[in-house]
Amino acid sequence: MPCNRVAIATLLLAVSVKVLAQNVGQCDAALAPTIEKAASDYALAQSYMYVNAALEYDKLKRSSAEERGTSASYKFFGAEYNESKSSSEFQEKIRDRLKRENFSMSESESRSSYRRYLSGPQLSAWSSCVQSVTRGGAVILLAESVSSSAFPIRVRWYPPAGVGTGTLVIRIRNGTIDDTNHLQVQLQGATEKAFIVEPDTSTRQIVLTAEIMGTADTLALPRAFPPAEPPKPSVIGAKPKTRMQITVPAADFVRPLNVALGGPNNTYGADVLLNGPPYNDRPNRAEFEFNASAGGTYLLKVEYAAADARPVRILLNGEVVIAEALGSPTGCWTTDCQRVLNQGRLTLREGLNVLRVERGSVFPHIRKFVFEPMD
């Protein structure tokens, strides 16, 4: 009889854990890509729908026509929605379509993929949902890109009410952080912390787990996030769109790592991006989001100052486009030596583009990026 009670208790615990995981999984609805983000990287929409099609069907059913018009799920998968009579049928149609589009990520990799390029409001909505479900805190792992060399990840912790500090434990498989696959870090209050992952030489998934105060999150990363273009209807007689010069100030950075503007007392220019306080030697990174009126080939020019060579790596929409940019010294670090220098040709997408600049050490002093259309 006692054995039966233990078995029943174990079964009930397993069921409750499964139900809780399903409820927490519903919070990912807050992470759905916007139309603009999905248009710039259709793989975001593919990966989100691969995991959450049934959830999106129920959400679209509850939405007004106006609300559906602002939904990326409806914009890109509206035909499948209109042909479906249930969430299960919608999910089956979505998976069939993704298979035809040669989408090949697993469910765990898909979940990691659609977590790229999240906004502050999305993360706040997600954390509020998780905390309401679990009655505790929330932790999330994020990676905007992966590569065969070092790449950054972020951990964001939302502590439960009344809790000030906690010990974050990160475990990593098929890679290391600070030369270890298991590290502990003390976090103070609501915190976001960045780490640099060094992948091993295998081709297997890089799997990270972050745990703090009984709350955990897992990130399963493929060795590369495959880009994808959304299907576009053919338009007969459509005029080609005009490409315009695009200027992106370095001061408009997002998702930074160890960078700031100006330096001590704005010595190097209030609009100049460089290594941040306490100004010691450490990795630097920043991203920039901008729109192109038309896709095509552009020449990238960058205005920067550097007394010594500090080459950076430049990624565009998750892909390395210039492995060593900004490598030429300009004479000094101050604004007197700011120079606009050609860095190379690259291809922009129509609509939203995401530029990432990163270096394993400190940046040169960067003022702006200029994209000039090429014939």
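Derivation of every value follows stated rules applied to the coordinates shown; laboratory data play no part. Just so it is clear, the structure is predicted and the values come from calculations on it, not from any experiment. Note: ideal-geometry Cβ built from the backbone for every residue, glycine included; neighbour counts use all protein chains shown.
Mind checking which of 98, 191, 245 is farthest towards the positive end of the chain's charge dipole, using Cβ charges of +1 (Lys, Arg) and -1 (Asp, Glu) about the Cα centre?
Ranked along the dipole, the leading option is 98.
Extension gain residue 92-residue 198, at 0.36 nm per residue separation less the Cα-Cα distance, in nm? Mind dumping the intermediate values first?
Values: separation 106, 0.36 × 106 = 38.16 nm, distance 3.73 nm.
Additional length available on full extension: 34.4 nm.
Farthest toward the dipole's positive end in the chain, which of 352, 315, 335, given Cβ charges of +1 (Lys, Arg) and -1 (Asp, Glu) about the Cα centre?
352
Could you pull out the pairs from 37/301; 37/75; 61/85; 59/85; 193/301; 75/99 whose alpha carbons sit more than 21 Å apart here?
On the way: 37/301 25 Å; 37/75 12 Å; 61/85 10 Å; 59/85 14 Å; 193/301 31 Å; 75/99 19 Å.
Flagged as over cut-off: 37/301; 193/301.
Is the shape of the chain best called rounded, prolate or oblate, per the rule: a/c under 1.5 gives rounded, else a/b larger than b/c gives prolate, else oblate, with a ≥ b ≥ c the square roots of the Cα gyration tensor eigenvalues? Let's see the in-between values first.
Details: a/c = 2.17, a/b = 1.29, b/c = 1.68.
Cα axes put the chain in the oblate bin.
How are the C-alpha pair distances of segment 246-373 spread across 5 Å bins, as whole percents from the shortest bin up?
With a bin width of 5 Å, the distribution comes to 2, 12, 22, 26, 20, 11, 5, 1, 0.
Principal axis extents for segment 28-156, Cα atoms only, whole Å, descending order, please.
For segment 28-156, the Cα spread along each principal axis is 43, 37, 24 Å.
At what distance in nm do the modelled label points of residue 293 and residue 67 sit from each other, each positioned 7 Å from its Cα along Cα→Cβ?
Calculated label separation equals 3.6 nm.
Can you grab the distance from the C-alpha centre of segment 278-292 to the C-alpha centre of segment 210-226, Å, no decimals?
Each part's Cα centre sits 23 Å from the other's.
Report relative contact order for segment 249-302 in percent, whole number only (criteria: Cα-Cα under 8 Å, sequence separation at least 6). Could the numbers behind the result be given before it?
Details: 69 pairs, mean separation 20.3, N = 54.
So the answer I get is 38 percent.
Separation of segment 90-148 and segment 341-372 by C-alpha centroid, Å?
Computed from Cα coordinates, the inter-centre distance equals 27 Å.
Given the -39500 (n - 2.57) contribution per DSSP H run of 4+ residues, what per-residue ellipticity at 222 nm results for the chain, rounded to the nearest 500 deg cm²/dmol? Could the numbers behind the result be given before it?
Working: 8 runs with 104 residues, N = 375.
Mean residue ellipticity at 222 nm (helix-derived): -9000 deg cm²/dmol.
Could you give each residue of segment 226-231 its phi-based ³J(HN,Hα) in whole Hz, using Karplus coefficients 6.51, -1.76, 1.60 with θ = phi - 60°, and x for Gly or Pro?
x, x, 8, 9, x, x
Longest exposed-loop-site-free stretch of the chain, with trypsin sites (Lys or Arg not before Pro), DSSP loop and at most 11 other Cβ within 10 Å?
Working: sites that count: 85, 135.
The answer is 136-375.
Would you mind checking which residues have amide H under 5 Å from residue 272's amide H? H placed 1.01 Å from N; only 5 or more apart, or other chain.
262
Run the paramagnetic zone check for residue 223: 7 angstrom along Cα to Cβ, then residues of segment 183-206 with backbone nitrogen under 17 Å.
Residues 198-206 qualify, since their backbone N sits under 17 Å from the label point.
Show me, for segment 346-359, the HN-Hα J-couplings you get by feeding each phi into the Karplus relation (A = 6.51, B = -1.76, C = 1.60, θ = phi - 60°), rounded to Hz, glycine and proline as x.
8, 10, 8, 8, 5, x, 6, 10, 10, 9, 10, 10, 8, 8
Remind me, relative contact order of the chain in percent, using alpha carbon pairs under 8 angstrom and six or more residues apart?
Details: 761 pairs, mean separation 52.3, N = 375.
Once divided by the residue count of the chain, the mean separation gives 14 percent.
In a shell of Cβ-Cβ distance under 10 Å around residue 211, excluding residue 211 itself, what net charge do Lys and Arg (+1) and Asp and Glu (-1) give?
On the way: positive: 171; negative: 217.
Net local charge, residue 211 excluded: 0.
Could you give the dipole magnitude of segment 115-231 about its Cα centre, charging the beta-carbon of Lys and Arg +1 and that of Asp and Glu -1, in debye to the nearest 20?
Values: 10 positive and 9 negative charges, 51 e Å.
Rounded to the nearest 20 debye, it is 240 debye.
So what's the net charge close to residue 227: Lys and Arg +1, Asp and Glu -1, counting the other residues with Cβ under 12 Å from its Cβ? Let's see the in-between values first.
On the way: positive: 116, 349; negative: 41, 229, 319.
That works out to -1.
Starting from the 7 Å offset along Cα-to-Cβ, what nm value, one decimal, do you get for the label separation of residue 328 and residue 107?
5.3
For segment 115-231, what class follows from the C-alpha gyration tensor (a ≥ b ≥ c being the square roots of its eigenvalues): rounded when a/c is under 1.5, otherwise prolate if a/b is larger than b/c, else oblate?
On the way: a/c = 2.37, a/b = 1.35, b/c = 1.76.
It comes out oblate by the Cα gyration axes.
Taking the Cα atoms of segment 115-161, what is the range of coordinates along each of the three principal axes, in descending order and whole Å?
Here the Cα extents, ordered largest to smallest, are 39, 16, 13 Å.
Take every Cα pair under 8 Å in segment 231-341 that's 6+ residues apart, average their separations, divide by the length, and report that relative contact order as a whole percent.
Relative CO of segment 231-341 lands at 23 percent.
Which value, in debye to the nearest 20, gives the size of the charge dipole of the chain about its Cα centre, when Lys and Arg are +1 and Asp and Glu are -1 at the Cβ?
Numbers: 42 positive and 38 negative charges, 109 e Å.
Once rounded to the nearest 20, the dipole reads 520 debye.
Can you give me the angle between helix 120-134 and the longest principal axis of the chain, using Cα atoms only, in degrees from 0 to 90, rounded to the nearest 10?
Rounded to the nearest ten degrees, it is 20.
Length gain on complete extension for the stretch residue 36 to residue 375, per 0.36 nm per residue less the alpha carbon to alpha carbon distance? If you can, show how the numbers build up before the last one.
Values: separation 339, 0.36 × 339 = 122.04 nm, distance 2.64 nm.
Extending this stretch completely gives an extra 119.4 nm.
Treating the angle as unsigned and between 0 and 90°, give the value, to the nearest 10°, between the Cα long axis of helix 72-83 and the longest Cα principal axis of the chain.
Between helix and principal axis, roughly 40 degrees.
Return one number: the angle in degrees, 0 to 90 and rounded to the nearest 10, between the long axis of the Cα atoms of helix 2-25 and the longest principal axis of the Cα atoms of the chain.
Here the helix axis deviates by roughly 40 degrees.
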